[in-house]
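Working notes, structure below.
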Amino acid sequence: MAEPRINIPSREIPTRAPSETTADDTITPFEVAPLDLRGRVVRLGPAINDILNAHDYPAPVSKLLAEAVALTVLLGSALKITGRLILQTQTSGPVRMLVVDFTAPDEVRACARFDAKRVEQAIAEGKASPGALLGEGHLAMTIDQGPDMNRYQGLVALNGEGLEAAAHEYFLRSEQIPTRVRLAVAEEFTAAEGGPRRAWRAGGIMAQFLPRAPERMRVADLPPGDAPEGVTPHVVPEDEAWVEGRALMETVEDIELLDQAVSSEQLLYRLFHERGVRVFNPVAIRAQCSCSRDGVEAMLKSFPQDDRDHMVENGKVTVTCEFCSASYQFAPAEVGAKTN
């Protein structure tokens, strides 16, 4: 099966000054033609706040999950297919699992599983960085194009580093496209009646080197592993355009990805105005869970009879969605369960 590619459209637009208006919950594609760069900027406000407020996660877990959401939106919103992109981690760290489900073109939901005692200990010891919370394991990115299509899945190891590093490793090993990703998450506090009001914000930017000339796409071979001693590693000099683009990306600061006073267009202008940057129409993103009472009922009816019978507690069957925390209650007869 051919591997689905992440493509970003390119077309002419009029020259104008960057917009000063900040649009939350949007993804903005861009292109820097002189550097053969294409990318996207994501800004998340109410959407990420809704996702995190549906749970009562400790702040470091919420921050880690928000980074995962921003990364998944950057990747999923660029896929030119109908379907879903699912990012999932399974690790040995205090946060055992992250799951982010992006349904094209604009819906995202997310949840986390963690060991509360280990997270509390990590916070007390000052070891609650994203990499420390993840620990070792793997990150999977799954593209689901529907029941009649094969799934595509890419895996990358997690070795105590954060999601930015995992994304770079994924593109190096899976897509072999020079890529840089920056992610930022923070809580925003504003004055309100009854005391400060807190809200989560997240942002991210991704740039990829996609030259039109095939010979400029060459990359060095991956490390040979157990190759005999004396084997000369394959080296390909980095393209000067990518060296410049990567250096500019590394100057992006967290505040630039989060500050409502800095629009996505202003950020892109700051980075690439000397070369010229084309910005395309932003696409809205929304927090939306796909669960429903009918869907949960159908799921329960698919379980073996014994499993359904054991789910009856206090005369009812209760299911809580892990993604949005919605609770669904059924009489045993509604799902074919038997009571003692």
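Taking other C-beta atoms within 10 Å as the exposure proxy, I285, I48, I86 rank I86, I285, I48 from fewest upward.
Summary of the geometry: the range 256-308 and the range 141-186, compared by the centres of their Cα atoms, lie 16 Å apart.
Within the chain, C111 have no other Cys Cβ under 4.7 Å of their Cβ and so lack a disulfide-compatible partner by this rule. Scoring 32-45, 262-275 by mean Cβ neighbours within 10 Å over their residues and listing the highest first yields 32-45, 262-275.
Cα extents for the chain along the principal axes, largest to smallest and rounded to whole angstrom: 73, 63, 47.
Along the charge dipole of the chain, pointing to its positive end and built from +1/-1 on Cβ of Lys, Arg, Asp and Glu, which listed residue (V42, F102, P147) has its Cα farthest out? Ranked along the dipole, the leading option is P147. Across the range 239-254, rounded Karplus estimates of 3J(HN,Hα) from the backbone phi angles (6.51 cos²θ - 1.76 cosθ + 1.60, θ = phi - 60°) give 5, 4, 5, 6, 4, 5, x, 5, 4, 5, 4, 6, 8, 5, 9, 3 Hz, Gly and Pro being marked x. Computed over the chain, the per-residue total of -39500 (n - 2.57) for DSSP H runs of n ≥ 4 gives a 222 nm mean residue ellipticity of -7000 deg cm²/dmol, rounded to 500.
Computed about its Cα centre, the charge dipole of the chain is approximately 540 debye, with only Lys, Arg, Asp and Glu carrying charge at their Cβ. Note on K338: lysines with a C-alpha under 24 Å away, same-chain residues under 8 apart excluded, are K301, K316. Expressed as a whole percent, the proportion of Cα-Cα pairs in the range 293-335 lying more than 15 Å apart is 36%.
With the contact rule set at Cα under 8 Å and sequence spacing of 6 or more, what percent relative contact order holds for the chain? Answer for the chain is 23 percent.
Each of L210, A116, N281 was scored by the projection of its Cα onto the charge dipole of the chain, and the greatest displacement toward the positive side belongs to N281; charges sit on the C-beta of Lys, Arg, Asp and Glu.
Annotation: lysines with alpha-carbon distance below 21 angstrom to K117 (same-chain offsets under eight excluded): K63, K127.
Computed from the coordinates by the stated procedures, all read-outs in this text should not be read as laboratory data. Quantities reported herein were computed from a predicted structural model and do not represent experimental measurements. When we count neighbours, we look across all protein chains shown, and the Cβ atoms used for this are built from the backbone with ideal geometry, even at glycine.
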